[in-house]
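The values are calculated or read from the model by the stated rules, or taken from the named source; none is laboratory data. In this text, all values refer to a predicted model and were calculated from it rather than measured experimentally. So basically every Cβ, Gly included, is an ideal-geometry build from the backbone, and we count neighbours across all protein chains shown.
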Amino acid sequence: MAISDPFFSSNQSSWMSFPPVSIRHRTDLRLQFQTLSPEGILFYTAQHLSARAEDFFCVSLTSGLVQLRYNLGSGTNVLQSTNRVDTSGGTWHTVRTGRTGHQGFLVLEQNDTEGGMSTLDVATDLFVGGVSDLSSISTFSVESEPVGFTGGVRELVLNGHDFDLTETGALGGANVGDWDGTACGYKVCQNGGRCTALSGADSDSFMCTCPPRWTGPVCNQSVYCVNNLCQHESLCFSDLVTGSYDCFCPLGSEGRYCDKQVGLSMTTLKFVGKSYLKYRDPKFNTRNLRYTQVSFNFTASRNEGLILWMGRAEHDDDDYLAVGLQATSKSQSTSERGSPSRSLSETSRCVATNGIIYLSL
């Protein structure tokens with residue numbers, strides 16, 4: 001049977017692992033679970049898998065209390081919920097934990113606990129429900145003898161990344177079953193759809209009952225985009241406010257339905273707030289990126305918007321350069337080089353000559 005909402009058992013040493021996500025500067029973890037035991041590891045990651053690992057981040061159950069333990073290399077910090085969870089397996093609990101700035105937090109339902117935290121250096125996979133080898137976790141990451149989690153998990157979101165808690169979404173795992181033994185899971189039907197497991201020879205069958213604005217087998221298609229008029233392989237995006245849709249045109253087409261061809265001899269580009277052009281720099285590998293100068297000429301009909309972006313922003317430590325308009329000034333440049341971003345505005349450090357704005361970093 002396929003896994004839709006995983007079930008873990010400490011007696012069977014269950015665990016699942018997922019690829020690492022950068023949590024060095026920011027950590028925001030949301031987890032939904034039901035438990036059949038007052039003890040067990042819900043989430044674990046560390047600098048390396050070893051009992052002597054210095055940096056680690058561990059969320060576990062201790063005597064029915066949710067506990068966050070973490071070490072940034074200068075000692076173990078502990079945050080603990082004030083209320084105990086239901087250990088009968090009859091309640092889905094939501095816990096949010098991590099840190100904002102230097103302040104750590106743990107929220108079980110609506111009850112907050114706070115503490116201090118700085119940068120966190122971890123490199124192992126992300127383990128859910130247990131660890132591949134419980135003897136390889138930090139001796140300070142749990143209060144007593146480490147044990148795996150017994151219960152179900154139906155949501156794991158870390159720094160905005162929503163993990164696919166299935167056998168195909170996980171990097172590895174062992175002895176993990178399905179929480180209710182049906183094809184229906186928490187996120188099988190999307191956009192508030194209701195899942196009904198179908199009986200019969202095929203136990204992996206289900207049916208989604210969709211809310212009014214959605215359709216499709218898993219309620220992921222907008223009713224406003226059914227039989228849309230978008231042409232030239234353009235994409236249809238629904239507008240739930242107006243009850244209509246917009247067509248996102250490929251390069252070379254324009255118009256409400258992308259039915260008009262853009263002139264090939266155009267020299268001035270027009271952007272409408274949902275437009276973009278993408279270029280590759282053939283000389284990128286030979287450029288001296290310690291000095292970057294960007295120049296362009298533009299006119300704008302709105303006082304906010306992104307003009308130029310170069311770099312990556314998949315992780316907190318990625319480098320990038322962004323230039324855009326902000327309501328408080330005519331133009332603004334923001335950069336990040338493995339540290340908190342900094343900004344330059346035209347009014348303070350930029351030079352404008354003949355309508356051309358120069359931003360130097």
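For the stretch 67-81, check the following and say yes or no: at least one residue is of a type in the set (Ser, Thr, Tyr), closer than 23 Å to Leu165 by Cα, surrounded by 15 or more Cβ atoms within 10 Å (Cβ to Cβ) and in contact (Cβ under 8 Å) with a residue 12 or more places away in the chain. Lay out the reasoning, then the answer.
Of the stretch 67-81, the ones of a type in the set (Ser, Thr, Tyr) are 70, 74, 76, 81.
Remaining after also requiring closer than 23 Å to Leu165 by Cα: none.
Checked against the condition, which is being of a type in the set (Ser, Thr, Tyr), closer than 23 Å to Leu165 by Cα, surrounded by 15 or more Cβ atoms within 10 Å (Cβ to Cβ) and in contact (Cβ under 8 Å) with a residue 12 or more places away in the chain, the stretch 67-81 yields no hits at all.
What single numbered condition from (1) in contact with a strand residue (DSSP E or B) (Cβ under 7 Å, 6 or more places away or on another chain); (2) among the β-branched types (Val, Ile, Thr); (3) in a loop (DSSP other than H, G, I, E, B) fails to hold for Thr168?
All conditions are met except number (1).
Among the listed residues Arg213, Arg290, identify the single one that is of a type outside the set (Ser, Thr, Tyr) and farther than 30 Å from Tyr186 by Cα.
On the way: Arg213 fails: farther than 30 Å from Tyr186 by Cα.
Only one candidate passes the filter, namely Arg290.
Could you list, in sequence order, all residues of the stretch 1-55 that are among the hydroxyl-bearing types (Ser, Thr, Tyr), crowded, with 21+ Cβ neighbours inside 10 Å and more than 20 Å from Ser136 (Cβ to Cβ)?
Hits for the stretch 1-55 are Ser4, Thr27, Thr35.
Is the stretch 88-101 home to any residue that is under 22 Å from the mean Cα position of the chain (by Cα), modelled with pLDDT under 80 and outside any loop (DSSP other than H, G, I, E, B)? Can you show your working first?
Filtering the stretch 88-101 for residues under 22 Å from the mean Cα position of the chain (by Cα) gives 92-101.
When the remaining residues are screened for being modelled with pLDDT under 80, the result is 99-101.
When the remaining residues are screened for being outside any loop (DSSP other than H, G, I, E, B), the result is 99-100.
There is at least one residue in the stretch 88-101 that is under 22 Å from the mean Cα position of the chain (by Cα), modelled with pLDDT under 80 and outside any loop (DSSP other than H, G, I, E, B).
When only residues in the stretch 261-304 that are within 28 Å of the chain's Cα centre (by Cα) and loosely packed, with under 10 Cβ neighbours inside 10 Å count, which is farthest from Phe248 (Cα to Cα)? Give the steps one after another, and end with the answer.
Here is the first cut: in the stretch 261-304, the ones within 28 Å of the chain's Cα centre (by Cα) are 272-280, 304.
Next, only the ones that are loosely packed, with under 10 Cβ neighbours inside 10 Å stay: 272-274, 276-280.
On the way: Val272: 11, Gly273: 11, Lys274: 8, Tyr276: 11, Leu277: 13, Lys278: 15, Tyr279: 19, Arg280: 22 Å.
Across the stretch 261-304, the extreme among qualifying residues is Arg280.
What number of residues within the stretch 27-66 are closer than 18 Å to Ser144 by Cβ, in contact with a strand residue (DSSP E or B) (Cβ under 7 Å, 6 or more places away or on another chain) and of a type in the set (Val, Ile, Thr)?
Matching residues across the stretch 27-66 total 4.
Restricting attention to the stretch 23-41, does a residue exist that is in contact with a Gly (Cβ under 6 Å, 6 or more places away or on another chain), within 18 Å of Arg99 (Cα to Cα), part of a strand (DSSP E or B) and among the charged types (D, E, K, R)?
Scanning the stretch 23-41 turns up at least one residue that is in contact with a Gly (Cβ under 6 Å, 6 or more places away or on another chain), within 18 Å of Arg99 (Cα to Cα), part of a strand (DSSP E or B) and among the charged types (D, E, K, R).
Answer yes or no as to whether Arg30 is in contact (Cβ under 8 Å) with a residue 40 or more places away in the chain, of a type in the set (Lys, Arg) and farther than 27 Å from Trp92 by Cα.
Working: in contact (Cβ under 8 Å) with a residue 40 or more places away in the chain: yes; of a type in the set (Lys, Arg): yes; farther than 27 Å from Trp92 by Cα: no.
It is false that Arg30 is in contact (Cβ under 8 Å) with a residue 40 or more places away in the chain, of a type in the set (Lys, Arg) and farther than 27 Å from Trp92 by Cα.
I need the full set of residues from the stretch 192-249 which are out of contact with any Cys (no Cβ under 7 Å at 6 or more places or on another chain), more than 25 Å from Tyr276 (Cα to Cα) and of a type in the set (Phe, Trp, Tyr), in order please.
Trp214
For the stretch 265-305, which positions are in contact (Cβ under 8 Å) with a residue 12 or more places away in the chain and of a type in the set (A, V, I, L, M)?
Within the stretch 265-305, Leu277, Val294, Ala300 qualify.
Per-residue answers, yes or no, for (1) on the phi < 0 side of the Ramachandran plot; (2) buried (at least 16 other Cβ atoms within 10 Å of the Cβ); (3) not in a strand (DSSP E or B):
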| residue | (1), (2), (3) |
| --- | --- |
| Ala183 | yes, yes, yes |
| Cys189 | yes, yes, yes |
| Gly192 | no, no, yes |
| Thr196 | yes, no, no |
| Ser199 | yes, no, yes |
| Asp204 | yes, no, yes |
| Met207 | yes, no, no |
| Pro217 | yes, no, yes |
| Tyr224 | yes, yes, yes |
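Looking only at the stretch 227-254, filter to residues that are surrounded by fewer than 19 Cβ atoms within 10 Å (Cβ to Cβ) and in contact with a Gly (Cβ under 9 Å, 6 or more places away or on another chain); which one of those is modelled with the highest pLDDT?
Gln231
Name the single residue, out of those in the stretch 162-217 being aromatic (Phe, Trp, Tyr) and under 25 Å from the mean Cα position of the chain (by Cα), that is farthest from Pro20 (Cα to Cα).
Looking only at the stretch 162-217, we keep the residues that are aromatic (Phe, Trp, Tyr), and these are 163, 179, 186, 206, 214.
From what is left, the residues that are under 25 Å from the mean Cα position of the chain (by Cα) are 163, 179, 186, 214.
On the way: Phe163: 11, Trp179: 25, Tyr186: 23, Trp214: 33 Å.
Here the answer is Trp214.
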